[in-house]
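Worksheet for the structure shown next.
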Amino acid sequence: MAQVQFNSITKTYPNGFEALKPTNFTIKEGEFAVLVGPSGCGKSTLLRMVAGLEDITAGDLSIGTRVVNHVDPADRDIAMVFQNYALYPHMTVRKNIGYGLKNRGTAKSEIARKVDEAAAMLNLTPYLESKPSQLSGGQRQRVAMGRAIVRDPALFLFDEPLSNLDAKLRNQMRIEIKALQRRLGVTSIYVTHDQVEAMTMADRIIVMNEGRVEQIGTPAQVYHNPATTFVASFMGAPPMNLLPAVVDGGQVMLEGVSFGPAPHRGKVIAGIRPEDFSPDPEGDLTIHVDLVEELGAHRLLHGKLGEEAVTVHVANESVAQTGPLRVGVKPDALCLFDAVEGNRI
Amino acid sequence: MSLSKMRKLKLSMIVDHGVLILGSLFMILPLVMLLQMTTIPDTEIIKTGPTLKIGDQFDDNLYKAMFEASGFAGENSGLSMLKNSLILGIGFAVGKILIGMLAAYAIVYFRLRFATLAFWLIFTTLLLPLEVRILPSYEVVQWLGMLNTYQGLIIPLIASATATFFFRQFFRSVPEELVEAARIDGAGPVKFFIDILMPLSKTMIAAMFIIMFVYGWNQYLWPTMITTDEDMYTLVRGIKQIVQVLEGAVVPEYGRSNVLALVAVIPPVLVVVFFQSWFVKGLTESDK
Ligand SMILES: Nc1ncnc2c1ncn2[C@@H]1O[C@H](COP(=O)(O)OP(=O)(O)OP(=O)(O)O)[C@@H](O)[C@H]1O
Ligand SMILES: [Mg+2]
């Protein structure tokens, strides 16, 4: 177990592409940190630098108390789970899990004991003598997990480990991985582009965009208090509604309706989560609903507020029809962003 | 409807099998004729050529071919020629595979400054087959004092652009993550090569072994130049020699050389049969 410290880390690829702008943050001991962001934002780059698979262009990376910039991957006391599992196809499950120990010169009986223990923990015992090609996707994923836990590392790294699984299995593995991490208490960095995965698994979420860290916080913080319009629109499905507004006379004005005081002047962007609207005959705003999306437990109403597209989330007992709908906004639900920079005001 | 379908199926099956059987006969008949001719006396071969008659000379011919020496020095029995051929074929195949794999390993997995250039240089040697460079090669072998040795036979031909090329293509198809997982698992370059890359290349190695073994086994020109000692003769050369040596004097020992020809066919066939099953198994096991 160890904390991981990023000290002005940057990455420029040999072709001159700057994949990671100077980055500073610390992942605490035992924490489950999830790196999330759109494709190409540099998540894998960051993770691979922690693993030692990619050189660090500048800055210091420490795991525990040790700066590891020039330490070989094998000596960083880490384990990594890859998206395509990266199991050795010609080895049995037992050999796959034990290979890292074998290379470290662990005694045979000790390897056997540890592999059995890891296999039992992951329900892999019946498959120990099978080859990876004889296993299902979920089982292969577990073997990859087994390979990671058997070495008892200080840090787990996951690079989109669930994206090759179907939705149901993904939910199940998500819970298993989280539970396992809780039980072992090993510091973990988990990369995903799926914001649901990030929300459900993370102790802290690190939202990245274009090689920059946009926000670091607990799932609740990131969801309810997004630091930028990017975070607001990336986290949550459907995303936060971002509507142009003005601050006039110290009051936020949206569609001619006042939404309380604000210190700013001029144009701003007002963010409202779909579930923070509530249908209310007395409401201040009128939305023209174009489409009702039925989701079982609840409904999504897609429509327009003035010129802007909005989405409203309603419980399934409330009326749902196209046409005008009066809604109110829950108190304190409004997030204000700078209209140009997109930063939170 | 289904009846006509069945008829069609049957017809196509008959045609398929017909073609296959014809092909097999075409390939195997010369060997059968050869076998027949080992059973009759040499004089009869001269008179009648291959017939349907089965004689009683086979044991005699087999004994002569395998254990009796031919030539002047009397050192090249069929058995010693078989040994030489095997050494050449196996040495060739193993050497070419090993060197090709190592070269490809260096080119694909190590950040060498001139890796691409090196690869293309190796590749262009395909344009310079043995026949083109046979005189300088001979010079070098002679200068190194390796005439009439197994090293002299094998080493000059062991570098293989073909093997390097195929292994390079194969290594490039091995997922990057496998290398990275192995690195994290603490496998250095040597361990990765032996523990992961070699087993993964099993089917490639089998295919290469078939090709290279047969290539080495069938070498004629190079051994003729490099070896003059009779105890270094290979089967392919020996067959020719038996017929040649006695020409003019008496009837050539056709029966004996025919036996040798058959013996010369067997090892390549065995290699193909054995490695092919390995090859097919590797392909169908489909390790993803
Ligand atoms: N070896 C490389 N050389 C040059 N540029 C690279 C290299 N590897 C990645 N990049 C670039 O760096 C950026 C970040 O890549 P990275 O793999 O970290 O993205 P990611 O966030 O993991 O995306 P995804 O969700 O698609 O996996 C991308 O724009 C990519 O094109
Ligand atoms: Mg990635």
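A few points about this structure:
- Gaussian network model of chain B, Cα within-10 Å springs - most flexible of B:239, B:155, B:184: B:184
- Relative contact order for chain A, counting Cα pairs under 8 Å that sit 6 or more residues apart, in percent: 16
- This model, with +1 at the C-beta of Lys and Arg and -1 at the C-beta of Asp and Glu, gives chain B a dipole about its Cα centre of some 1260 debye.
- Total formal charge among the other residues, if their Cβ is under 13 angstrom from that of residue A:48, Lys/Arg +1 and Asp/Glu -1: -3
- Calculated over the protein assembly as shown: convex hull of Cα atoms, volume per residue (Å³): 271
- Calculated FRET efficiency for the pair residue A:248/residue A:163, C-beta based, R₀ 41 Å, to 0.05: 0.35
- Distance between modelled label sites at residue B:140 and residue A:338, nm, 7 Å Cα→Cβ extension: 6.9
- Between region A:99-119 and region B:93-127, the alpha-carbon center distance in angstrom: 36
- C-alpha center-to-center spacing [region B:24-51, region A:1-38] in angstrom: 78
- Part-to-part distance (alpha-carbon centres) for region A:160-208 and region B:160-225, which is given in Å: 38
- Taking a point 7 Å from the Cα of residue A:278 along the Cα-to-Cβ direction, the residues of region A:306-345 with backbone N closer than 20 Å to it are A:311-321, A:325-335.
- Amide H partners (placed H, <5 Å) of residue B:68, local residues excluded: B:78
- Cβ-based net charge around residue A:299, under 12 Å, with every Lys or Arg adding one and every Asp or Glu removing one: -4
- Distance cut-off 22 Å, percentage of C-alpha pairs in region A:4-233 lying past it: 52
- Of the peptides B:26-34, A:123-131, the ranking by mean beta-carbon count within 10 Å, highest at the top, reads A:123-131, B:26-34.
- Here the sum of -39500 (n - 2.57) over DSSP H runs of 4 or more residues, divided by the residues of chain B, equals -22500 deg cm²/dmol at 222 nm, to the nearest 500.
- Residue among B:264, B:187, B:93 with the largest mean-square fluctuation in a Gaussian network model of chain B, springs linking Cα atoms under 10 Å: B:187
- Highest average packing first - B:219-231, B:112-124, A:198-210, Cβ atoms within 10 Å: A:198-210, B:219-231, B:112-124
- Simple Cβ-charge dipole of region A:4-233, Lys/Arg +1 and Asp/Glu -1, about Cα centre, in debye nearest 20: 660
- Within 10 Å of each Cβ in A:305-312, the average number of Cβ atoms from other chains: 0
- Calculated from backbone phi, Karplus (6.51, -1.76, 1.60) coupling profile of region B:154-162 in Hz, x at Gly/Pro: 8, 4, x, 9, 7, 5, 10, 5, 4
- Helices in chain A, meaning DSSP H runs of at least 4 residues, each add -39500 (n - 2.57). Divided by all residues, the mean residue ellipticity at 222 nm is -7500 deg cm²/dmol.
- Spin-label model, residue A:267 to residue A:175: label points 7 Å out along the Cα-to-beta-carbon direction sit 4.8 nm apart.
- Radius 13 Å from Cβ of residue A:34, net charge of other residues (Lys, Arg +1; Asp, Glu -1): -2
- Here the gap between residue B:229 and residue B:29, fully extended at 0.36 nm per residue and compared with their Cα-Cα distance, gives a gain of 68.5 nm.
- 5 angstrom amide H check on residue A:80, placed H, neighbours 5+ away: A:157
- Taking the Cα centre of the protein assembly as shown as reference, the dipole from Cβ charges on Lys and Arg (+1) and Asp and Glu (-1) amounts to some 940 debye.
- Entry comment: accessible area of the protein assembly as shown is 50 Å² per residue, from protein heavy atoms only and a probe of 1.4 Å.
- Between residue B:6 and residue B:69, the FRET efficiency from the beta-carbon distance, with R0 = 41 Å, is close to 0.05.
- Ordering A:10, A:36, A:56 by Cα displacement along the dipole of region A:1-57 toward the positive end leaves A:36 in first place; charges were set at the Cβ atoms of Lys, Arg (+1) and Asp, Glu (-1).
- In this label model, residue A:25 and residue A:107 are separated by 4.4 nm, measuring between points 7 Å along each Cα→Cβ vector.
The values are calculated or read from the model by the stated rules, or taken from the named source; none is laboratory data. These numbers were taken from a predicted model, which means no experiment stands behind them. Every residue, glycine as well, gets a Cβ built from its backbone with ideal geometry; the counts of neighbours run over all protein chains shown. For the accessible areas, the whole protein counts, side chains as well, though only heavy atoms, and no ligand, DNA or RNA atoms are used. Shrake-Rupley method; radii C 1.70, N 1.55, O 1.52, S 1.80 Å.
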